[in-house]
C-alpha cells in the first residue's frame, strides 16, 4: 500500500520577507488542509508549503502535531477575514476533534481525576 502524502503549496518569490502578508490566505488554507491530513493520517509532522526564492533556494514550511490547535485558532481568524467559511468550518471541526482526543487521552493518563467524584460504599 502506497504511503499517502500531502501536496504542499509552492510559492515563488524574489522577496521572502513579504510572503506571510502577500500569501496570507493561501498559507492559511494550506495550514488547515495540512492539519486535516495530519489528523486523518496520524502524522506527527506535515510539510505544508515550499517557498522558492529567486528560483534557487527552497524553504520548506512544516507543522508539528503539537502545534495543530494553536495554528487552527490563528488561521480561523484569517479565514473569517477572507470570508472562507467552508475552510473555517473545517478548522473548527478539526479543533474540536483534536481537543476531544486530548481530553480523552488526559482521562486515560489520569483516571483518578474521573473517579474522584464517585464515592465507594463500605
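Quick notes on this structure:
- One residue stands out among those in segment 1-13 that are in contact with a strand residue (DSSP E or B) (Cβ under 7 Å, 6 or more places away or on another chain) and more than 13 Å from residue 47 (Cα to Cα): the one that is surrounded by the fewest Cβ atoms within 10 Å (Cβ to Cβ), which is 12.
- Criterion violated by residue 43 - all others in (1) surrounded by fewer than 17 Cβ atoms within 10 Å (Cβ to Cβ); (2) in a loop (DSSP other than H, G, I, E, B); (3) at negative phi satisfied: (1)
- The residues of segment 82-95 that are exposed (fewer than 12 other Cβ atoms within 10 Å of the Cβ) and in a helix (DSSP H, G or I), listed by number, are 85, 86.
- Residue within segment 18-27 that is modelled with pLDDT of 95 or more, in a helix (DSSP H, G or I), surrounded by 11 or more Cβ atoms within 10 Å (Cβ to Cβ) and under 13 Å from the mean Cα position of the chain (by Cα) present: yes
Rundown of residues vs (1) part of a helix (DSSP H, G or I); (2) at negative phi; (3) surrounded by 12 or more Cβ atoms within 10 Å (Cβ to Cβ); (4) over 8 Å from the mean Cα position of the chain (by Cα), yes/no style:
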| position | (1), (2), (3), (4) |
| --- | --- |
| 32 | yes, yes, yes, no |
| 35 | yes, yes, yes, no |
| 38 | yes, yes, yes, no |
| 47 | no, yes, yes, yes |
| 52 | no, yes, yes, yes |
| 60 | no, yes, no, yes |
| 63 | no, yes, yes, no |
| 67 | yes, yes, yes, no |
| 72 | yes, yes, yes, no |
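- Test result for residue 79, surrounded by 12 or more Cβ atoms within 10 Å (Cβ to Cβ), closer than 26 Å to residue 18 by Cα and touching a helix residue (DSSP H, G or I) at 6+ places or on another chain (Cβ under 9 Å): yes
- With respect to the stated conditions, residue 56 fails to be over 10 Å from residue 32 (Cβ atoms) and surrounded by 15 or more Cβ atoms within 10 Å (Cβ to Cβ).
- Reported count of residues in segment 75-84, each being under 10 Å from the mean Cα position of the chain (by Cα) and under 19 Å from residue 100 (Cα atoms), is 0.
- Taken over segment 7-40, residues that are farther than 17 Å from residue 91 by Cα and in contact (Cβ under 8 Å) with a residue 24 or more places away in the chain amount to 9.
The values are calculated or read from the model by the stated rules, or taken from the named source; none is laboratory data. Worth saying up front: this structure is predicted, and the values here are computed from it rather than measured. Don't worry about glycine lacking a Cβ; one is built from the backbone with ideal geometry, like all the others, and counts go over all protein chains shown.
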